[in-house]
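The values are calculated or read from the model by the stated rules, or taken from the named source; none is laboratory data. Since the model is a prediction, treat every value here as computed from it, not as a measurement. As a convention, Cβ positions derive from the backbone with ideal geometry for all residues, glycine included, and neighbour counts pool all protein chains shown.
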Protein chains: 2
Amino acid sequence: MSGSTLVTNIGELVTNDPSLGDGPLGLRRHAAVVIDNGRVAWIGDARTAPAADTVLDADGRAALPGFVDSHAHLVFAGDRAAEFGARMAGEAYTGGGIRTTVAATRAAGDDELRANVARLRGEALRQGTTTIEIKSGYGLSVADEARSLRIAREFTDETTFLGAHVVPAGRDPDDYVAEVCGEMLGACTPYAKWVDVFCERGAFDGEQSRAVLEAGRAAGLGLRVHANQLDEGPGVRLAVELGAASADHCTHLSDSDVAALAGGDTVATLLPGAEFSTRSPYPDARRLLDAGATVALATDCNPGSSYTSSMPFCVALAVREMRMTPAEALWAATVGGARALRRDDVGVLRVGARADLLLLDAPSYLHLAYRPGVPLVSTVLLNGVPL
Amino acid sequence: MSGSTLVTNIGELVTNDPSLGDGPLGLRRHAAVVIDNGRVAWIGDARTAPAADTVLDADGRAALPGFVDSHAHLVFAGDRAAEFGARMAGEAYTGGGIRTTVAATRAAGDDELRANVARLRGEALRQGTTTIEIKSGYGLSVADEARSLRIAREFTDETTFLGAHVVPAGRDPDDYVAEVCGEMLGACTPYAKWVDVFCERGAFDGEQSRAVLEAGRAAGLGLRVHANQLDEGPGVRLAVELGAASADHCTHLSDSDVAALAGGDTVATLLPGAEFSTRSPYPDARRLLDAGATVALATDCNPGSSYTSSMPFCVALAVREMRMTPAEALWAATVGGARALRRDDVGVLRVGARADLLLLDAPSYLHLAYRPGVPLVSTVLLNGVPL
């Protein structure tokens, strides 16, 4: 689309900028947005909107910023439907199934991996995810991690090196950590913005995790941590101490973990799809919010523990199961995700922000939680361009 | 579409006919289906499929019968997003908000009501619901109930008179029951196949419910009951005693309720969307299944307690929250719903059945539970015709 676009007759506009409207969501009624060169150029009352080359009539529907999914594992082959079925019949989730996906991913050709990312990226985009982070972590060799990130980079700038996802079968843990921090990091850095580590029993302990994060930081990568999913552990405190952008999962938190998150610059990224699909207790979002921590929501999309790509589903779960208000959940799925990626150009609609804008088949963002499971995202503008 | 259609290269076909494949779902691999005149004309191996006028290549995807949603309240005006928000902030669900929708529905014109049904029917159809039951129950006057059913009948043959949804404000309960059983029933019978009653504290007691059901039966209608949603009560036993096709909700059951359902011809229709959206404990599906009862899943789509139109969402909830296996949940959402409507031409794919067939963007029906919230239904054939 060339030229400017006017999105008008927006019944309810979520800007996420309190200076532009009511409350933390910066809500406006009867609004319009002008888009030019992929950016928001004007926001205001529909009756006073300037002319534009193209007009999109929202017909009273709600408009909001695109979702920012800051945690997704999309580079893999195969699925684990059988493991899912066994878990639903009562088996516990331990993370051990990751190795099944590693074997399938290593065996797949580049085109197969690329096609799978494209399928899931497209699926997420149609559901309103306009910014997505994509991790490696199913290669676990120098060559397979590097190609995972090279393929991920074809789809997003928010790529994360997760060589430290799990110790691959047959490898000595300390040797493997040394490889992750050395040759593997070197091969992956050209394609990665972030480094991440699964700091968890059965994966990497506090000292191993620290080594991986410090090596990644020395290589110029930003930091993220899979922390406290299965147990209280050192992950959250390590993330805050090292100034990681995000500590993800946060399912089992001590009081000192909560205090650290509330006092630091690390976002607590909650992934309720994982608790849904592993039949586990949900994180206590209220405890985090009430303490003053910044909370994000993300899908954790992966073939083992959370094979959803749906941010609206995560919003509905956050309200039902984690007692977030619909406004808090929407904020966490948009601005919260942007903060977890240290971005201020997405997750908001203000002049100069990226024109990632959704229209819902509904009069209010409330319907994302009120109408669970229903695909309400009817129009997606990515950089101002309709899908 | 005129002439016959061959749907071929189906990676996994759910027939729901054990004589056609493996297990209760009658699963076949590498299958094909021929459709003629809106009916299934042939099912077999893709390599031996006969020719047809049109070919639809499933490309290895899963195919299954369309969902049968046997419980939906689609004739209404307005929404209750604010009530939903208050409930998520801690207020209890009592059913009292029904009167809000009654006022909005009475105030609406026919075209507004019709447009709302069309919107929700279309939304459900795109998500794979090929058979839907639609109730009245937001009119609660002779004229408003009759027009609700007249409009519902424009969309489905499975229409249900629910004048006994709640006693309208300002009416004496016994007087109102007498009207429901008399003039209102007479005005509604031309448009209704079923009669239903909300047998619950705050709505209608056992004797009032019996009166409504017996009057409906005398007028030639089949019987359904809203039973045991908020409390143990007489609803389930009354439904079984009177030979109702379905007892819906079944959230609070005594041992004798379970035994009655297991021993009778009444289907236990579970509506987990209502428990999700009222933050209530889920029905114990395992207890019912283990006792030998027939279980159906339906959406309860309505603007108060369950504003989802998504049968896939209900399948995912049934597996996560009610410990149904993915196979049991799919069966309940297809054949189960058909049994709850006393239909044998839908919910199954066998020669002679209605050609209501879905293709998923997935290799197996398992993905409906494994990939919660993701709109996986990619193709819908209704009476053999693609949407």
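How many residues does segment A:351-387 hold that are more than 10 Å from chain B (Cβ to nearest Cβ), assigned to a loop (DSSP other than H, G, I, E, B) and surrounded by fewer than 18 Cβ atoms within 10 Å (Cβ to Cβ)?
Residues meeting the conditions: 4.
Of all residues in segment B:51-85, those that are within 26 Å of B:PHE161 (Cα to Cα) and of a type in the set (Lys, Arg) total 1. For segment A:154-164, the count of residues that are within 18 Å of the chain's Cα centre (by Cα), under 19 Å from A:GLY109 (Cα atoms), assigned by TED's automatic domain parsing to the domain that holds A:ASP248 and of a type in the set (S, T, N, Q) is zero.
In the set A:LEU56, A:LEU64, only one residue is farther than 25 Å from A:ALA338 by Cα, part of a strand (DSSP E or B), of a type in the set (A, V, I, L, M, F, W, C) and touching a residue at least 40 places away in the same chain (Cβ under 8 Å); that residue is A:LEU56.
Candidates A:VAL34, A:VAL102: the one that is within 23 Å of the chain's Cα centre (by Cα) and among the hydrophobic types (A, V, I, L, M, F, W, C) is A:VAL102. Of all residues in segment A:259-303, those being among the hydroxyl-bearing types (Ser, Thr, Tyr), under 23 Å from B:GLY373 (Cα atoms) and surrounded by 24 or more Cβ atoms within 10 Å (Cβ to Cβ) number 3.
Against the condition under 13 Å from B:GLY304 (Cβ atoms), within 14 Å of chain A (Cβ to nearest Cβ) and surrounded by fewer than 15 Cβ atoms within 10 Å (Cβ to Cβ), how does B:GLU91 come out, does it pass? Answer is yes for this residue. Among the residues making up segment B:286-300, those that are free of Cβ contacts under 8 Å to residues at least 40 places away in the same chain and of a type in the set (Gly, Ala, Ser) are B:ALA291, B:GLY292, B:ALA293.
Given the conditions (1) within 12 Å of another protein chain (Cβ to nearest Cβ); (2) part of a loop (DSSP other than H, G, I, E, B); (3) surrounded by fewer than 22 Cβ atoms within 10 Å (Cβ to Cβ); (4) charged (D, E, K, R), and given that A:ARG119 satisfies all but one, which numbered condition is not satisfied? Single failed check for A:ARG119: (2). Set side by side, the residues B:ALA316, B:ALA247 differ, and just one is under 22 Å from B:GLY202 (Cα atoms) and either of a type in the set (Gly, Ala, Ser) or in contact (Cβ under 8 Å) with a residue 40 or more places away in the chain (or both), which is B:ALA247. Only residues that are surrounded by 16 or more Cβ atoms within 10 Å (Cβ to Cβ) and either assigned to a helix (DSSP H, G or I) or within 14 Å of chain A (Cβ to nearest Cβ) (or both) were counted across segment B:107-116, and they come to 3. Filter segment B:131-157 down to the residues that are closer than 17 Å to B:LEU341 by Cβ and either surrounded by fewer than 24 Cβ atoms within 10 Å (Cβ to Cβ) or at pLDDT below 95 (or both) and list them by number. The answer is B:ARG153, B:PHE155, B:THR156, B:ASP157. When segment B:41-53 is examined, which residues are found to be assigned to a strand (DSSP E or B) and over 30 Å from B:LEU270 (Cβ atoms)? B:ALA41, B:TRP42, B:GLY44, B:ASP45, listed by residue number.
Of the helices (runs of 4 or more DSSP H) lying entirely inside segment B:216-304, those containing at least 1 residues that are touching a His at 6+ places or on another chain (Cβ under 9 Å) and within 14 Å of chain A (Cβ to nearest Cβ) are B:272-278. Report whether or not B:ALA316 is more than 10 Å from chain A (Cβ to nearest Cβ), small (Gly, Ala, Ser), crowded, with 24+ Cβ neighbours inside 10 Å and closer than 27 Å to A:VAL374 by Cβ. Answer is no for this residue.
Screening B:ARG342 with (1) crowded, with 23+ Cβ neighbours inside 10 Å; (2) in a loop (DSSP other than H, G, I, E, B) gives one miss only, at (1). For segment A:11-40, a residue qualifies if it is assigned to a strand (DSSP E or B) and in contact with a helix residue (DSSP H, G or I) (Cβ under 7 Å, 6 or more places away or on another chain), and the qualifying residues are A:VAL14, A:ARG28, A:HIS30, A:ALA31, A:ALA32. Of the residues making up segment A:122-147, those that are more than 14 Å from chain B (Cβ to nearest Cβ) and among the hydrophobic types (A, V, I, L, M, F, W, C) are A:ILE132, A:ILE134, A:LEU140, A:VAL142, A:ALA143, A:ALA146. In the set (1) within 14 Å of chain A (Cβ to nearest Cβ); (2) in a loop (DSSP other than H, G, I, E, B); (3) at negative phi, B:VAL348 fails one condition alone, (1).
Scanning segment B:320-333 for residues that are free of Cβ contacts under 8 Å to residues at least 24 places away in the same chain and facing chain A (nearest Cβ under 8 Å) turns up at least one hit.
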